[in-house]
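Take a look at the structure set out below.
The values are calculated or read from the model by the stated rules, or taken from the named source; none is laboratory data. Note that this is a predicted model, so its numbers are computed, not measured. Every residue, glycine among them, receives a Cβ derived from its backbone with ideal geometry; neighbour counts consider all protein chains shown.
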Amino acid sequence: MPSEQHKDLRSSSQVKDKNDYNRSTYGSVCQGYIAYVFKHYGAGITTVFDGYSTISTKAAEQMRRAKKATSSDILFDQHMHTTTTQAAFLANSNNKKSLIDMLSSMMTQSGIAVKQASADGDALIVSTALSLAEW
């Protein structure tokens, strides 16, 4: 039985109202993810994020999704208001990587353990769960 909870959080499923995303700052979007984690999983968990810097086994699916909506690279900080739709923003892998970097930093500051895979996170999720499980 694991001593801590370990959850795989997929980015687009965590923001409940996409209209709220369009009126938010990037920092408040991250705070929304953090609030979601604490509300649904409590403290003492480890999150694992997929990586987007290398080609993964899911590259074809990521490219298929990217064709549905597009966005240019957006340079942002926590105080900047969102400037595009959630779908378009997350379709750009550079934007997604930057948001995950910001979110990871904010989660760590909030006491949530974070691990980042170099590509697909499935193997890291399993190895993290196994390494933290009590036998």
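Values as computed for the structure displayed
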quantity: Verdict on D73 being closer than 17 Å to I34 by Cβ, modelled with pLDDT of 90 or more and either out of contact with any Leu (no Cβ under 7 Å at 6 or more places or on another chain) or among the small types (G, A, S) (or both); calculated: no
quantity: Residues within segment 25-65 that are at pLDDT 85 or above and either under 12 Å from S93 (Cβ atoms) or outside any helix (DSSP H, G or I) (or both), tallied; calculated: 9
quantity: Cβ-Cβ under 8 Å pairs, at least 6 apart or on other chains, segment 104-128 side small (G, A, S) and surrounded by 15 or more Cβ atoms within 10 Å (Cβ to Cβ), far side at pLDDT below 85 and part of a helix (DSSP H, G or I); calculated: A117/A123; A117/L124
quantity: When residues of segment 81-135 are limited to those that are part of a helix (DSSP H, G or I), among the small types (G, A, S) and at pLDDT 90 or above, the one nearest to Y26 (Cα to Cα); calculated: S98
quantity: Neighbours by Cβ (under 8 Å, 6+ apart or cross-chain): first from segment 41-61, surrounded by fewer than 16 Cβ atoms within 10 Å (Cβ to Cβ); second part of a loop (DSSP other than H, G, I, E, B) and modelled with pLDDT under 60; calculated: G44/E4
